[in-house]
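Encoded as structure tokens, the structure appears first; notes follow it.
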Amino acid sequence: MYDVAAVRRDFPIFDNGLAYLDSANTSQRPRQVTGAMMEYFEKFNSNIHRAAYHIAEEATERYEGTREKVRAFINAASTKEIIYTRGTTEAINLVAYSWGRANVHPGDLIVLTIFDHHSNIVPWQILAHENGAHIEYVDIDERGELRMDQFRELLGRGPKLVAFSHVSNALGTINPIDDMVAQAKRAGATVLVDGAQGAPHHGVDVRALGCDFYAFSGHKMLGPTGVGVLYGRRELLERMPPFMGGGDMIKTVSTERTTYHDLPWKFEAGTQAIAEVIGLGAAVDYLNGLGMQNVRDHEREITEYAYEALSEVDGLTMFGPPPSRRAGVISFALEGIHPHDLATIADRDQVCVRAGHHCAMPLMTRLGVAATARASFYVYTQKDEVDRLVGSIKEAQRIFK
Amino acid sequence: MSSRPASADDQFYREYILDHYKNPRNFGRLEHADISHEENNPLCGDVVGMDFKVKDGVIEDVRFHGRGCAISQASASLLTERLKGLSLDDARKINKEDVLGELGIEISPARIKCALLSLKVLKVGAYGLAGDDEDEE
């Protein structure tokens with residue numbers, strides 16, 4: 001039996017009665033993660049890959065050890081396919097700058113979706129603008145799910161790249177990514193999956209999925225900010241030019257030319273976020289300890305509970321699919337109350353809830369709203385926090401009556 | 001479950017702020033406006049625009065439009081009340097302290113841009129001043 005009270009005890013931030021319903025924005029970190037980072041700072045703080053003394057060996061071992069943990073977590077074929085980045089955004093930019101500039105040409109089609117996060121839209125817009133490619137967006141239906149008929153129609157036009165999110169951060173929609181990747185690959189496209197809201201909550205098996213790239217962030221999976229992962233199929237990564245040049249990504253440098261390091265280090269220029277990578281490793285351990293199936297089940301239970309509770313509130317409209325087809329994210333609007341006002345009122349009840357466009361402005365435009373309020377859940381979320389949100393909503397309705 | 005006792009006298013959402021939000025003054029558009037300008041807050045999508053009729057250096061009429069939270073919309077409504085009939089010279093002297101003072105509530109750092117959005121419209125639109133973030137922060 002999943003013991004959420006025991007899980008919460010690992011998260012000191014909950015010691016003072018905080019209700020945190022913004023995990024899709026960033027998750028909290030357990031002591032195990034901060035402890036692993038602190039251990040590095042206090043016991044073997046040093047740079048990796050270059051110093052010939054024992055604390056640097058320890059640091060290098062932990063840094064590279066995380067790579068194997070991440071590889072296993074997403075079932076990649078090799079640690080050479082696990083590139084550390086600053087986060088999902090940098091991971092996608094890496095692909096846009098390195099793969100994109102070498103492979104996307106004038107007239108090429110890039111297919112995205114209307115509810116992608118800005119981080120999976122803007123890098124492609126920049127690329128398309130530079131290279132003369134063009135972008136088409138797959139729309140959503142009334143339930144907030146992608147229109148697969150339109151997706152297939154766009155695939156029929158032979159896109160060079162297809163990029164979409166595993167889970168919509170704004171609506172919580174779980175996309176049928178197995179099917180989408182398979183179709184896009186059959187259409188001959190290179191496929192990138194933005195897994196920022198996917199891997200942390202549902203896990204992922206990149207080999208079974210068959211995508212070319214999968215990107216995700218440490219800070220949305222109990223790890224620290226400043227570290228994320230790009231998974232790329234080795235065959236593609238080998239052929240891609242470097243993203244950033246600098247120390248650690250080279251084999252030899254002369255005044256005329258540079259030979260680049262092997263994978264994955266070819267893409268890791270400069271001193272890396274060592275403590276953060278070590279923290280990410282501890283986060284993967286922590287999630288494995290809970291069991292990803294348990295994480296999924298717990299989130300589903302909380303999501304169903306919250307969906308039920310929110311549907312009983314008068315004047316509240318939820319966006320997106322029913323709980324069976326959504327992740328632990330619920331976006332909603334209140335009649336006559338702006339999301340920011342709700343968030344301010346909730347804040348005074350120590351309830352953290354997101355208000356805004358969730359970095360998905362094309363979606364907000366599509367829905368005809370400027371912003372929504374959003375509650376999102378994770379391993380530590382308990383029903384009491386949902387009840388407190390409902391209390392804050394009713395308080396807001398009383399004030400704005 | 002609320003940790004804060006419910007109170008009819010709400011410090012943040014005072015009655016007159018809610019009144020300005022629900023019944024905004026000078027709301028709408030002006031045809032043949034001498035000056036029109038609109039600004040948005042990219043963080044939250046709040047929008048405020050203003051139309052001005054100016055004669056002999058005096059703001060004869062002003063209307064605002066937009067959408068957003070109670071703070072941004074009430075702040076715009078309050079500002080238009082103050083601007084009507086004011087000379088441009090006097091309008092130019094309105095600063096962020098005036099706007100925040102008029103709201104009369106404590107604004108958290110996260111909401112300060114909401115409160116000052118209408119002032120930004122006034123400054124950038126009516127005076128052609130470039131948006132000066134330091135000045136508004």
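For peptide A:338-349, compute the average count of partner chain beta-carbon atoms within 10 Å of each residue's beta-carbon. Let's see the in-between values first.
On the way: counts 12, 4, 13, 11, 1, 4, 10, 4, 1, 3, 7, 4.
For peptide A:338-349, the averaged partner shielding equals 6.
What residues qualify as long-range amide H neighbours of residue A:27, i.e. H under 5 Å apart, gap of 5 or more or another chain, H built at 1.01 Å from N?
A:220, A:221, A:222
How much length, in nm to one decimal, is gained on full extension between residue A:31 and residue A:258, taken as 0.36 nm per residue of separation minus their Cα-Cα distance? Write out the running numbers ahead of the final one.
Details: separation 227, 0.36 × 227 = 81.72 nm, distance 4.23 nm.
Stretched fully, the residue A:31-residue A:258 segment lengthens by 77.5 nm.
What does a probe at residue A:325 reach in region A:149-175, counting residues whose amide N is under 20 Å from the point 7 Å along Cα→Cβ?
Of the residues in region A:149-175, A:149-155, A:164-175 have backbone N under 20 Å from the label point off residue A:325.
Would you mind pulling out the separation of the Cα centroids of region A:118-161 and region A:296-330, in Å?
Region A:118-161 and region A:296-330 have Cα centres spaced 28 Å from each other.
How many angstrom separate the Cα center of region A:264-292 from the Cα center of region A:1-48?
Result: 14 Å between the Cα centres.
Taking each residue in A:36-49, count the Cβ atoms of any other chain within 10 Å of its Cβ, then average. What number comes out?
Across A:36-49, the average partner-chain Cβ count within 10 Å equals 0.
Over all residues in B:61-70, what is the mean tally of Cβ atoms on other chains that come within 10 Å of each residue's Cβ?
That works out to 3 on average.
Roughly how big is region A:33-289's charge dipole about its Cα centre, with Cβ charges of +1 (Lys, Arg) and -1 (Asp, Glu), in debye to the nearest 20?
Computed charge dipole of region A:33-289: roughly 480 debye.
Quick one: Debye curve from the alpha-carbon atoms of region A:168-274 only, equal weights, vacuum; give me log10 I(q)/I(0) at q = 0.13, 0.16, 0.20, 0.24 Å⁻¹ to two decimals.
For region A:168-274 at q = 0.13, 0.16, 0.20, 0.24 Å⁻¹, log10 I(q)/I(0) is -0.61, -0.84, -1.10, -1.30.
Would you work out which of A:222, A:232, A:87 lies farthest towards the positive end of the dipole of the protein assembly as shown? Charges go on Cβ: Lys and Arg +1, Asp and Glu -1.
Toward the positive end, the furthest listed residue is A:232.
Quick check on the exposure proxy: order B:19, B:46 from fewest to most C-beta atoms within 10 angstrom.
On the way: B:19 13, B:46 26.
Ascending Cβ contact count within 10 Å gives the list B:19, B:46.
Could you state the number of Å between the C-alpha centres of region B:33-96 and region A:220-257?
Measuring centre to centre over Cα atoms gives 50 Å.
Less than 29 Å apart at the alpha-carbon level, and either on another chain or at least 8 residues along: which lysines does that give for residue B:55?
Result set, ordered by chain and number: B:84, B:93, B:96, B:120, B:123.
How do A:211, B:44 rank when sorted from fewest to most other Cβ atoms within 10 Å of their own Cβ?
Ascending number of Cβ neighbours within 10 Å: B:44, A:211.
Using the Cα centre of the protein assembly as shown as the reference point, and only Cβ charges (+1 on K/R, -1 on D/E), how large is the resulting charge dipole? Debye, rounded to the nearest 20.
In total the dipole reaches around 1000 debye.
Any idea what diffusion coefficient chain A gets from Stokes-Einstein, in µm²/s, Kirkwood Rh on alpha carbon pairs, 25 °C, 0.890 mPa s?
After rounding, the answer is 112 µm²/s.
Straight-line reach from residue A:160: which lysines fall under 25 Å, measuring Cα to Cα and dropping same-chain residues less than 8 apart?
Output for residue A:160: A:80, A:185, A:266.
Please arrange A:220, A:160 by counting, for each residue, the other beta carbons lying within 10 Å of its beta carbon, fewest first. Before the final figure, lay out each step's value.
Numbers: A:220 27, A:160 18.
Going from sparsest to densest Cβ surroundings: A:160, A:220.
Ratio of region A:272-341's C-alpha Rg to 2.2 N^0.38 Å, to two decimals?
Compared with the compact-globule rule of thumb, region A:272-341 sits at 1.55.
Which loop-located GluC sites (Glu not before Pro) does region A:86-155 contain, where loop means any DSSP state but H, G, I, E or B and the Cβ has at most 15 other Cβ atoms within 10 Å?
Here the GluC sites (Glu not before Pro) that fit, given the DSSP loop and packing criteria, are A:142.
Quick note: the coordinates plus some simple rules give every number you see, no bench work behind them. All values reported here derive from a predicted model rather than from experimental measurement. Ideal geometry is used to build each Cβ from the backbone, glycine not excepted, and the neighbour counts take in all protein chains shown.
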